[in-house]
Amino acid sequence: MTVGKDVSSLFTDVVNCMQTENLELKKLVYLYLINYAKSQPDLAILAVNTFVKDSQDPNPLIRALAVRTMGCIRVDKITEYLCDPLQRCLKDDDPYVRKTAAICVAKLYDINAELVEDRGFLEALKDLISDNNPMVVANAVAALAEIQDSSTRPIFEITSHTLSKLLTALNECTEWGQVFILDSLSRYKAADAREAENIVERVTPRLQHANCAVVLSAVKIILLQMELITSTDVVRNLCKKMAPPLVTLLSAEPEIQYVALRNINLIVQKRPTILAHEIKVFFCKYNDPIYVKMEKLEIMIKLASDRNIDQVLLEFKEYATEVDVDFVRKAVRAIGRCAIKLERAAERCISVLLELIKIKVNYVVQEAIIVIKDIFRRYPNTYESIIATLCESLDTLDEPEAKASMIWIIGEYAERIDNADELLESFLETFPEEPALVQLQLLTATVKLFLKKPTEGPQQMIQAVLNNATVETDNPDLRDRAYIYWRLLSTDPEAAKDVVLAEKPVISDDSNQLDSSLLDDLLANISTLSSVYHKPPEAFVSRVKTAPRADDEEFADTAETGYSESPSQGVDGASPSSSAGTSSNVPVKQPAAPAAPAPMPDLLGDLMGMDNSIVPVDEPTAPSGPPLPVLLPSTTGQGLQISAQLVRRDGQIFYDISFDNGTQTVLDGFMIQFNKNTFGLAAGGALQVSPLQPGTSARTLLPMVAFQNLSPGAPSSLLQVAVKNNQQPVWYFNDKIPMHAFFGEDGKMERTSFLEAWKSLPDDNEFSKEFPSSVVSSIDATVEHLAASNVFFIAKRKNSNKDVLYMSAKIPRGIPFLIELTAAVGVPGVKCAVKTPNKEMVALFFEAMESLLK
């Protein structure tokens, strides 16, 4: 079972082994049940009696194991039987059983929220907060927090009474128990400064903990409560106390360092005094990974001040001579950002930049020019004396941003540069080949030069540039800007001066980029994914909350609310609001449609001679409809079952495909390819399948395009498909192309057109076929049914006791099918005659009509 073999056929035999007294064997049987109960729900009921019996076993390990397993089996029929044992275990004498039962309530709530509320489990959980065992308290808090996250109404509210119990339990429970309690306490808003100080005092010892998650959760609470503390002395002391544990986090392994640095980045934006004297710990070590170095640079910029800038600049200058190009660029840019941030240090920063330019390393020079352009914007008319040095490096510029920056400097200070027109002319020679960024800057700089020096040289340049930018470009931004300048210059040059040479606003320091409300939101989520991504939780995942009960009038009008709980890729309901703990399968509400991702490389290779590109995985859409035909049974697919068929909706062809994961592993990274086929069908969009948890299924609509992937030879309805995921080999299966999926909405013909078309086609193009098993029970119903598949009614006549229907349909490329159906109502047997200019498609047409008339 562990290696993915399907051993579900042994279900009954394995269930019989449940009666064993051997604890190890019992655990294995329970694992087997968790894996296969979803696919064998009727047989899983056989195990219920043993579960109930085991939940009353004298051994607490077996009692807890029974309840835990019943909670993991997500089968509705078993859920009903779980309630009584769970109620007993919540009041069990043994704390191990109680703490297991607490988590089980959260799992049960996820399966059936109404049942949990009706049976009073929530009240029982709240009672466990007063338990004398700290681990039971921690698990009760974890379960209540999980339930609260998936409910729209207040379920877990910490009162001052609960607060003292949680703070008491905090000292005695395990490290992850402490994380659960601390994260829940962070949601509590103290009544006044005194209570806030009391909470902080009780939480501060957690700062010395060896577990990084506990430290960060404690920091989060202290930061939140500091907002309410009015005493500046207390705040200053707390800032001093928080510095050492944060510094200690930087001696951990690189991955933990990175998470710590991302959190510290937020903390120093709110309270820079905490680490103001610790800037040295953020100096980069030679063996730091690049992601750690980049994050340290960001924090150094934020902590840079007039007092430590000399130290910082020495470091940055050293980094600018490293071998890692990206790191060097970031270091050079950091010098510029410090200059913009600290006015008194700007001159020292520029000296360092000029020294770096003199070493003549291409990418260093280019990055320096980019930041000097920003320094000129920040301090106009202050440091322009260095322009001559910059102009010496003109020939080495090959990056668009550096070129654009240099061109901006030449245009902005054209009156101070004697040979400005020559310098710009050197760029104009390659104007058509330059990127849009450089072209736009060249256009503006040339206009500035002309307005500042309206002599013959610039006049010829402006003509050439405007001509290039209006006549010989496809870029609408460039063309529009050129036309605006042209009209300004030709109608009112003075107005053009006022517009183009207007005084520019001074730019400001961008090292504290985050908006204050977003920063507060992120600080409330320290030690979660949110603080690593620097995005609010709802920005990267949504979670559907349980709709309120009908009898809760207070919440009757509350709609489903998306609530962030987990990263959008690869984690099913794992809550980043808690640093660790239980995860539950929670349905995910669709976020706004993302931009179409870039196609993935053809990892499957040229399967079956396929040459259409692979479609990348995206977020799921869930079409509903009748069951799909099974094309890959789970016995063949090592537990994965695939069902699919082609359908037409709103004039578009889709591949309606469903995946059922009967394995015990998460399946992700689904990709699909179609072999060359008669209609050239290929995937026309992203295959939208999120990671599939064991025992779950997903159904999606894949948009298709036709005539992309044509196969030579006689027409065939065969569609060969290959599907792959990250955990299994490539699966191949065959499907049938129903031709009626190609019948277009434009297939209806007027009577006269139908008659003319029928007469114009030679008799050789008429074919007929009997469908002996088809029965027309009602003419109107048949006409309506066929119209739904774009086979349109034209006329009807009687021939002895039979009805003759004339109908039309059309497939892409304008190929019509003129149809004559002859049938007696209620009598088996329908004769179908058709005339069409495309004889090769007739066999496929009859296949389609027979399936429609079944």
Self-check item: Hydrodynamic radius (Kirkwood) for segment 226-306, which is based on Cα pairs only, to one decimal in Å
Solution: 13.2 Å
Self-check item: Helix-only CD estimate at 222 nm, as mean residue ellipticity for the chain, using -39500 (n - 2.57) per DSSP H run (n ≥ 4)
Solution: -14000 deg cm²/dmol
Quiz item: Using alpha carbons only, what's the Rg to Rh ratio of segment 32-163 with Rh from Kirkwood?
Solution: 0.97
Quiz item: Using only the Cα atoms, what convex hull volume per residue in Å³ does segment 743-853 have?
Solution: 97 Å³
Quiz prompt | Cross-link pairs Lys270/Lys535; Lys285/Lys403; Lys302/Lys403 - those with Cα-Cα distance over 22 Å | solution = Lys285/Lys403; Lys302/Lys403
Self-check item: Tensor-based shape of the chain (alpha-carbon gyration tensor, a/c under 1.5 rounded, otherwise prolate or oblate)
Solution: oblate
Quiz item: Taking a temperature of 37 °C and a viscosity of 0.692 mPa s, what whole-number D in µm²/s does Stokes-Einstein yield for segment 183-328 with Rh from Kirkwood over alpha carbon pairs?
Solution: 201 µm²/s
Self-check item: At most 16 other Cβ within 10 Å, DSSP loop - trypsin sites (Lys or Arg not before Pro), segment 1-99
Solution: Lys5, Lys91
Quiz item: Which residues make up the longest stretch of the chain that has no GluC sites (Glu not before Pro) in a DSSP loop with at most 11 other Cβ atoms within 10 Å?
Solution: 158-428
Quiz item: With θ set to phi - 60° and the Karplus curve 6.51 cos²θ - 1.76 cosθ + 1.60, what are the ³J(HN,Hα) couplings of segment 437-448 in order, to the nearest whole Hz, using x for Gly and Pro?
Solution: 4, 6, 4, 4, 5, 4, 4, 5, 5, 5, 5, 4
Practice problem: Give me the accessible area per residue for the chain, probe 1.4 Å, as a whole number in Å². | Solution: 46 Å²
Practice problem: Assuming a ≥ b ≥ c are the square roots of the Cα gyration tensor eigenvalues, decide whether segment 148-235 counts as rounded (a/c under 1.5), prolate (otherwise, with a/b larger than b/c) or oblate. | Solution: oblate
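The values are calculated or read from the model by the stated rules, or taken from the named source; none is laboratory data. What you are looking at is a predicted structure, and each value in this text was computed from that prediction instead of being measured. A quick note on method: Cβ atoms are made from the backbone with ideal geometry, for glycine too, and the neighbour counts reach across all protein chains shown. Note: areas computed on protein heavy atoms with side chains; ligands, DNA, RNA excluded. Shrake-Rupley method; radii C 1.70, N 1.55, O 1.52, S 1.80 Å.
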